[in-house]
1. Please give the calculated 222 nm ellipticity per residue for the chain, where each DSSP H segment of at least 4 residues contributes -39500 (n - 2.57) and the sum is spread over every residue; nearest 500 deg cm²/dmol?
2. Would you work out the relative contact order for the chain, in percent, from Cα pairs under 8 angstrom that are 6 or more residues apart?
3. Which of the lysines could a cross-linker span from Lys261 if the Cα-Cα distance has to be under 24 Å and same-chain partners fewer than 8 positions apart are dropped?
4. Only four residue types carry charge here, +1 at the Cβ of Lys and Arg and -1 at the Cβ of Asp and Glu. Report the dipole size of the range 27-178 about the Cα centre in Debye, rounded to the nearest 20.
5. Give the accessible area for Asp187 in Å² (nearest 10); use a 1.4 Å probe, count only protein heavy atoms, and leave out ligands, DNA and RNA.
6. Put Trp138, Trp275, Trp144 in order of accessible area, largest first, 1.4 Å probe: what do you get?
7. With only Lys, Arg, Asp and Glu charged, each at its Cβ (+1 for the first two, -1 for the last two), find how big the charge dipole of the chain is about the Cα centre; round to the nearest 20 debye.
8. Report relative contact order for the range 359-477 in percent, whole number only (criteria: Cα-Cα under 8 Å, sequence separation at least 6).
Amino acid sequence: MRKALRWLLALTVLIGTLSTAGAAGAATAAEPEATDIKDQLLAIPGMSLIEEKPYTGYRFFVLNYTQPVDHRNPSKGTFQQRITVLHKDVSRPTVFYTGGYNVSTNPGRREPTQIVDGNQVSMEYRFFTPSRPDPADWTKLDIWQAASDQHRIFKALKPLYNKKWVSTGGSKGGMTATYYERFYPRDMDGVVAYVAPNDVVNKEDSAYDRFFATVGTKECRDRLNGVQREALVRREPLEKRYEAYAAENGYTFDTVGSLDKAYEATVLDYVWGFWQYSLLSDCDSIPADAKNATDDDIWTSIDTIAGFSFYTDQGLEPYTPYYYQAGTQLGAPTIGFPHIEKKYIRYGYLPPRYFVPRDISMTFQPYAMRDVDSWVKHNARHMLYVYGENDPWGAEPFHLGKGAKDSYVFTAPGLNHGANVAGLVPDQKAFATARIQEWAGVASASVQADPSTARPLAKFDAKLDQRNVEREMTLRP
């Protein structure tokens, strides 16, 4: 059963009023003052304040919430999980957001929050520091435990924010919103999942090869493939530069195994990284004639798009939880490189095991994603998926079956890993906006009668509503 929120007690002040004629006074009870939202949040058992940051029209709180390390055995210890609350009004709906990684501690509004003009609760994913148990039992990092984190937060906040709730997230956050719905389908009134990969069979990744054979234009693909190949042809001089770069910055390569492996991994990420974060119009920035480009041109292009710092120990460490999950449940893509001769590729796409310290054991569970995929096909309700036409992660999307109800999959033309409702074709954009507002309980009578009139209920705020792709370098959703 849902625990009722513990409200702070307000003192009732009795005011005695004496008549000027000396008649007996009558004591009247004053109405209790409304409790401040911060006090109401902090009255929730296990909730504590880290800081409050001002923002016009909102209250923004960074909080810690006490969670069990193991939701199946709550007595086995707890940890502090960071969440944020962008508070507008308890009379508005609430959007539950997670990016699947660390939570931002600055005010920000996700697209569904703008669409419904609501509150927003954001959750840091378990095991991303500082939301990591100490000591860390990595077997407790799985999609059910994370969904149960969300479930407890929802149960704690629902008595306060008692209107409709919609969950959302982009990329790994879209996956997270999906898994939450799969395990706790009665919590949310709707789900908006952006660019969420669906790697049903980890060892069958031909969809990615087909994607890279046709994405964009041949001219752009040729430019990218040329730079990627040339970086491997010039491996020796560019690795000397990499060695100097690592020494200058104090980078080491114990986790991945060697500088050589890190170099190849970065180069092999290059084409993927371009399409994940860039647009077709950005192809003009890619060297057109790679064979005659300078070493500096090749290095700069690879570093700008893929990032030579990432596969260092220092670059990988913050993302250990992601790679652990990729190697135990989520799966990880593998693609071919038909434009590069085999003699230039020594390792190929390294599996997640290479990006997690060896003292953390990993065993892949092939049934995890098959279960989620089947559930979505047959049980999706009030779920909206948005993909970008040129986003590699969309090569393996979620599909809806006959059992799905009031659920949709849309693709934004020409967009990348930052695809959103605003980027859909006009009729789909209006329809999706109307459905989100309907699920959140704020669709006007006119929108219900004519979905084509639907517009976001909150005005665009350049600071709160940044639409930039959250740059998660290399092959991470």
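The values are calculated or read from the model by the stated rules, or taken from the named source; none is laboratory data. Keep in mind that what you see is a predicted model, and the values were worked out from it rather than measured. Because the Cβ atoms are built from the backbone with ideal geometry, glycine has one as well, and the counts that use them run over all protein chains shown. Please note that ligands, DNA and RNA were not included when accessible areas were found on the heavy atoms of the full protein model with its side chains. Shrake-Rupley method; radii C 1.70, N 1.55, O 1.52, S 1.80 Å.
1. On the way: 14 runs with 151 residues, N = 477.
Roughly -9500 deg cm²/dmol at 222 nm, from the helical runs in the chain.
2. On the way: 891 pairs, mean separation 75.6, N = 477.
Dividing the mean separation by the residue count of the chain yields 16 percent.
3. Lys203, Lys240, Lys291, Lys342, Lys343
4. Working: 19 positive and 15 negative charges, 87 e Å.
Rounded to the nearest 20 debye, it is 420 debye.
5. 20
6. Values: Trp138 35, Trp275 0, Trp144 55 Å².
From most accessible down to least: Trp144, Trp138, Trp275.
7. Values: 54 positive and 57 negative charges, 313 e Å.
It comes to approximately 1500 debye.
8. On the way: 143 pairs, mean separation 22.8, N = 119.
Relative contact order for the range 359-477 comes out at 19 percent.
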